[in-house]
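The next block holds one structure in the form of C-alpha cells; read it before the comments.
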Amino acid sequence: MTDQLHCIVVTPERKAIEQAVDFVALPLYDGEIGIAPDHAPLIGRMGFGEMRLRQGGQIARYYVDGGFVHVAENEVTVLTSDVVPVDEIDEAAARAQLELALKQPVATPQQEQIRDRALAQARAQLRVARK
C-alpha cells in the first residue's frame with residue numbers, strides 16, 4: 001500500500017500538472033469521484049467542474065473542462081480540453097458566455113447541443129469560482 005498518487009493533467013496544448021498528491025476529487029459526467037491511493041482501476045467521463053488536489057494540508061482547486069480520467073496503479077491521468085486554477089477564472093467572461101448562450105437561437109438538435117454545452121461550461125466556471 002502506498003500513500004501517494006501520481007497525478008498528471010494533460011490538455012491538447014501541454015502537460016498542465018504533474019505532481020504527487022494524497023487525494024484527487026474530480027467532476028464526473030454523472031457526479032463526483034474521490035480517488036485515494038490504491039483505488040481500483042477505472043476510466044471515467046468527466047463533466048465540467050472543480051478538480052481538487054490534496055497534498056498534505058494544502059488543497060489546490062482547478063476548473064476542468066470535461067474530458068476523461070484514467071486511474072491505474074496509483075496514477076491518475078486526466079485528459080481535458082482546459083484546466084484553470086480557480087483564482088484565474090474570469091467570472092466576467094463566464095457571465096458573458098452564459099448570457100450569450102441563453103440568447104442563442106435553437107432551431108436544430110445540433111444548435112441545441114452547442115448551446116447546452118456553452119451553458120454547462122459557463123455555469124460550472126461560475127460555480128467553481130464562487131466556492
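The values are calculated or read from the model by the stated rules, or taken from the named source; none is laboratory data. Keep in mind it's a predicted model, so treat the numbers as computed, not measured. So basically every Cβ, Gly included, is an ideal-geometry build from the backbone, and we count neighbours across all protein chains shown. Ligands, DNA and RNA are excluded from the accessible area calculation, which covers all protein heavy atoms including side chains. Shrake-Rupley method; radii C 1.70, N 1.55, O 1.52, S 1.80 Å.
If I filter segment 31-42 for residues that are under 26 Å from Asp90 (Cβ atoms) and either open to solvent by 50 Å² or more (accessible area, probe 1.4 Å) or touching a residue at least 12 places away in the same chain (Cβ under 8 Å) (or both), do I get at least one hit? Quick ask: steps written out before the conclusion?
Residues of segment 31-42 that are under 26 Å from Asp90 (Cβ atoms), as a first pass: 32.
Narrowing further to those that are either open to solvent by 50 Å² or more (accessible area, probe 1.4 Å) or touching a residue at least 12 places away in the same chain (Cβ under 8 Å) (or both): 32.
Taking every residue of segment 31-42 in turn, at least one turns out to be under 26 Å from Asp90 (Cβ atoms) and either open to solvent by 50 Å² or more (accessible area, probe 1.4 Å) or touching a residue at least 12 places away in the same chain (Cβ under 8 Å) (or both).
Does Ala20 satisfy the condition of being outside any loop (DSSP other than H, G, I, E, B), over 22 Å from Ala120 (Cα atoms) and more than 15 Å from the chain's Cα centre (by Cα)?
On the way: outside any loop (DSSP other than H, G, I, E, B): yes; over 22 Å from Ala120 (Cα atoms): yes; more than 15 Å from the chain's Cα centre (by Cα): yes.
So Ala20 passes the test.
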So, of the residues in segment 109-129 that are open to solvent by 60 Å² or more (accessible area, probe 1.4 Å) and without any contact (Cβ under 8 Å) to a residue 24 or more places away in the chain, which turns out to be nearest to the chain's Cα centre (by Cα)?
-> Arg117
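Filter segment 46-65 down to residues that are in a strand (DSSP E or B) and free of Cβ contacts under 8 Å to residues at least 24 places away in the same chain and give me whichever is surrounded by the fewest Cβ atoms within 10 Å (Cβ to Cβ).
Just the residues of segment 46-65 that are in a strand (DSSP E or B), to begin with: 46-55, 58-65.
Keeping just the survivors that are free of Cβ contacts under 8 Å to residues at least 24 places away in the same chain gives 58-59.
Numbers: Gln58: 9, Ile59: 13.
Among residues in segment 46-65 that are in a strand (DSSP E or B) and free of Cβ contacts under 8 Å to residues at least 24 places away in the same chain, the one surrounded by the fewest Cβ atoms within 10 Å (Cβ to Cβ) is Gln58.
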Inside segment 67-108, can you point out the residues that are out of contact with any Cys (no Cβ under 7 Å at 6 or more places or on another chain), aliphatic (A, V, I, L, M) and under 13 Å from Cys7 (Cα atoms)?
-> Val69, Val71, Ala72, Val78, Leu79
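Name the single residue, out of those in segment 72-98 being surrounded by fewer than 11 Cβ atoms within 10 Å (Cβ to Cβ) and of a type in the set (Asp, Glu), that is nearest to Thr11 (Cα to Cα).
Within segment 72-98, the first condition is being surrounded by fewer than 11 Cβ atoms within 10 Å (Cβ to Cβ), and the residues that meet it are 73, 87-88, 92.
Cutting the leftovers down to of a type in the set (Asp, Glu) gives us 73, 87-88.
On the way: Glu73: 22, Asp87: 19, Glu88: 17 Å.
Once the filter is applied, the top-ranked residue is Glu88.
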Please determine, by comparing only the residues of segment 67-108 that are among the polar types (S, T, N, Q) and more than 15 Å from the chain's Cα centre (by Cα), which one is nearest to Arg45 (Cα to Cα).
-> Asn74
